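**Q** Would you mind keeping the following structure in view while I ask a few things?
The values are calculated or read from the model by the stated rules, or taken from the named source; none is laboratory data. Remember, predicted model here, so these are calculated numbers, not experimental data. Cβ sites come from the backbone with ideal geometry, for glycine too, and all protein chains shown count toward neighbours. Surface accessibility is based on the protein's heavy atoms, side chains included, excluding ligands, DNA and RNA. Shrake-Rupley method; radii C 1.70, N 1.55, O 1.52, S 1.80 Å.
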Amino acid sequence: PSCKVFFAKDPLKIVRAQGQYMFDEKGEKYLDCINNVAHVGHSHPYVIKAATKQMELLNTNSRFLHDNLVQYAQRLTATLPEKLSVCYFVNSGSEANDLALRLARQYHGHQDVITLENAYHGHVTSLIDISPYKFNQLGKDSKKEFVHVAPSPDIYRGKYREDHPDPASAYAEEVKKIIEETQKNGRKIAAFIAESMQSCGGQVIPPVGYFQKVAEYVRAVGGVFIADEVQVGFGRVGKHFWAFQLQGEDFVPDIVTMGKPIGNGHPMSCVVTTREIAESFGASGLEYFNTFGGNPVSCAIGLAVLEVIEKEDLQGNATRVGNYLLELLDEQKEKHPLVGDIRGVGLFVGVDLVKDQQKRTPATAEALHLIYKLKEQQILLSADGPHRNILKFKPPMCFTMEDAKHVVETIDALLTEMEEATGMKTENNASTNAQCKTKTTEGSSQAEGANESIGHMNGAACRQENGLYSKKCSLSSKRIRT
């Protein structure tokens with residue numbers, strides 16, 4: 001019962017996939033806007049060929065020397081700042097983040113970790129402990145003493161918003177306060193860990209300059225900065241290969257973790273760090289070994305993925321299609337009072353649905369209803385965030401402008417249907433900023449859908465009284481042109 005599926009009310013059986021499309025057992029084709037794992041496209045022939053060719057020759061562990069391991073490490077570190085030069089190959093994002101914590105704690109012998117509100121870093125015990133997205137579901141006493149939670153740098157819903165003169169510094173100061181408080185209590189910070197852009201936390205893009213200031217505060221007390229790129233790395237943001245690079249060339253993490261897209265669906269992941277941290281880890285006397293990490297087949301697949309990203313200009317595609325998608329979604333924000341905020345970079349985009357644009361009341365049931373309606377139109381999209389009201393776009397990188405146009409046109413039609421069904425009135429003339437009438441409904445299909453679980457959705461968050469109403473106002477979108 002703890003293992004959930006997408007669309008629990010009417011789950012899909014997928015039997016094959018190609019590019020950005022998935023097919024069920026009846027041959028019906030679905031446009032996949034969810035799978036950031038099938039990074040270069042489902043069943044990519046070049047990746048399959050590389051895997052098959054190596055599997056025919058050898059697959060063994062890294063106790064034996066093999067060229068694939070060295071070549072892949074060289075190609076991977078070439079995408080990173082120079083000081084990030086040592087690779088540990090593992091099998092999943094969870095395993096990568098767990099190892100990153102071990103590296104950080106060994107470095108200066110400190111134990112405490114600063115994490116962010118709504119953060120999710122993996123499913124193993126050490127990571128549930130530092131993932132408020134998970135441990136908050138267990139009750140108010142579930143947070144461990146060595147874990148410290150800083151405010152999410154969310155300038156739409158967070159403590160410091162888009163009207164703040166310097167939200168990056170303000171959010172960083174919150175981390176500094178945590179550090180000072182822990183020191184007073186005789187505790188020592190081992191690491192600050194953050195996704196370079198929060199995914200499960202609601203497609204949150206930190207303000208530029210935030211990571212630099214946090215890293216300064218954390219390093220001053222002997223801690224390290226861990227950038228979790230498991231969801232957002234490998235060119236998804238467009239112009240940059242890594243999402244942490246959005247902060248600027250002057251920011252370099254101490255440890256970077258990778259997973260999901262690294263193997264295009266093959267189970268592999270990596271931790272990259274500095275030589276200094278790696279040598280400190282080795283000095284512990286505790287040998288590190290991973291049975292499957294760095295095996296020849298995984299490395300052949302990893303190399304193939306990097307080559308496809310380059311040969312097919314998938315970063316350029318993420319920029320072009322991502323910017324087009326943001327433009328189309330911005331138009332929906334002007335038309336539909338349910339759309340509160342549009343934010344994203346490249347092919348990592350969030351649509352924040354609200355019941356009231358001024359109050360920014362999360363439209364949880366409405367988001368879930370929309371997800372199910374999109375499925376009926378053979379479009380797969382998910383909803384997440386702390387209120388499960390954020391539509392998440394993170395499709396395969398081969399997603400096209402035609403795909404973007406099709407999805408947004410479908411969303412437009414469905415939002416119009418929802419507004420008409422509930423008697424919602426909208427003002428299309430944005431310059432008037434006229435207030436719209438309010439009407440609530442009970443027993444609607446949205447409310448029924450809200451009792452369903454999607455993915456790892458916390459059902460309790462969805463069982464809310466449904467109501468659609470709007471007060472049209474002008475809010476700036478958090479968009480970064482890539």
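**Q** Share of the stretch 45-312's accessible area from carbon and sulfur, percent, 1.4 Å?
**A** That share works out to 50 percent.
**Q** Per-residue HN-Hα couplings for the stretch 177-186, Karplus 6.51 cos²θ - 1.76 cosθ + 1.60 at θ = phi - 60°, whole Hz, x for Gly and Pro?
**A** Working through the residues one at a time gives 4, 4, 4, 5, 5, 5, 5, 4, 8, x Hz.
**Q** Ok, one more. In whole Hz, with x marking every Gly and Pro, tabulate ³J(HN,Hα) for the stretch 34-43 from phi via Karplus 6.51 cos²θ - 1.76 cosθ + 1.60, θ = phi - 60°.
**A** 9, 7, 7, 7, 6, 4, 8, x, 4, 6
**Q** Full-extension gain between K177 and T400, please, as 0.36 nm times their residue separation minus the C-alpha to C-alpha distance.
**A** Numbers: separation 223, 0.36 × 223 = 80.28 nm, distance 4.46 nm.
Additional length available on full extension: 75.8 nm.
**Q** Also, quick follow-up: Taking loop as defined by DSSP and a crowding limit of 12 other beta carbons within 10 Å, which GluC sites (Glu not before Pro) in the stretch 1-104 fit? Display every interim value, and only then the final one.
**A** Working: sites: E25, E28, E56, E82, E95; in loops: E25, E28, E56, E82.
Here the sparse-neighbourhood loop sites are E25, E28, E56, E82.
**Q** Next question. Any chance you could run the full-extension gain for E28 through K49? It's 0.36 nm times the residue separation minus the Cα-Cα distance, nm to one decimal. Before the final figure, lay out each step's value.
**A** Numbers: separation 21, 0.36 × 21 = 7.56 nm, distance 2.65 nm.
Extra length from E28 to K49 when fully extended: 4.9 nm.
**Q** Cross-link candidates for K26: which lysines have Cα within less than 27 Å, leaving aside residues fewer than 8 places away along the same chain?
**A** Within the straight-line cut-off, K26 pairs with K4, K9, K13, K373, K375, K392, K394, K405.
**Q** Another question about this same structure. Mind giving me the nanometre distance, one decimal, between the label points for Q111 and D141, set 7 Å out from Cα along Cα→Cβ?
**A** 2.0
**Q** For H39, what residues show an amide H to amide H distance below 5 Å, using hydrogens built from the backbone and excluding near sequence neighbours?
**A** N264, G265
**Q** To the nearest 10 degrees, how steep is helix 93-108 against the longest Cα principal axis of the chain, on a 0 to 90 scale?
**A** The angle comes out near 50 degrees.
**Q** Still on this structure: Starting at the first residue of the stretch 7-12, write each ³J(HN,Hα) from the Karplus equation 6.51 cos²θ - 1.76 cosθ + 1.60 with θ = phi - 60°, in whole Hz, x for Gly and Pro.
**A** Karplus-based 3J(HN,Hα) across the stretch 7-12 equals 6, 4, 5, 8, x, 9 Hz.
**Q** Accessible area of S94, 1.4 Å probe, to the nearest 10 Å²?
**A** Roll a 1.4 Å probe over it and S94 shows about 10 Å².
**Q** Still on this structure, please answer the following. Starting from the Cα of K177, draw a straight line to each of the lysines and keep only those under 19 Å, dropping any in the same chain fewer than 8 residues away.
**A** Candidates past the 8-residue exclusion: K143, K144, K159, K188, K213.
**Q** For the Cα atoms of the chain, what angle does the longest principal axis make with the long axis of helix 67-77, in degrees from 0 to 90, nearest 10?
**A** It works out to around 50 degrees.
**Q** Please report the accessible area of T361 (heavy atoms, 1.4 Å probe, ligands and nucleic acids excluded) in Å², nearest 10.
**A** 40
**Q** Probe 1.4 Å, all protein chains in place: accessible area of R75 in Å², nearest 10?
**A** Around 90 Å² of this residue is reachable by solvent.
**Q** Using only Cα atoms, find the angle between the long axis of helix 401-421 and the longest principal axis of the chain, and express it within 0 to 90 degrees, rounded to the nearest 10.
**A** Roughly 40 degrees, rounded to the nearest 10.
**Q** Here is a further query. Okay, helix-only estimate at 222 nm for the chain: each DSSP H run of n ≥ 4 adds -39500 (n - 2.57), divide by all residues, round to 500 deg cm²/dmol; what do you get?
**A** On the way: 14 runs with 163 residues, N = 482.
Rounded to the nearest 500, the figure is -10500 deg cm²/dmol.
**Q** 5 Å is the cut-off here: which amide hydrogens, built 1.01 Å from N in the peptide plane, fall below it relative to K355, excluding neighbours closer than 5 in sequence?
**A** Amide H neighbours of K355: T361, A363.
**Q** Name the long-range amide H neighbours of S92: under 5 Å, sequence gap of 5 or more, or other chain; modelled H, no Pro or chain starts.
**A** S269
**Q** Moving on. Let's test the formula: R0 of 51 Å, r as the Cβ-Cβ distance of K159 and E56. What FRET efficiency results, to the nearest 0.05? Don't jump to the answer; show the numbers that get you there.
**A** Working: r = 56 Å, r/R0 = 1.09.
For K159 and E56, the calculated efficiency is 0.35.
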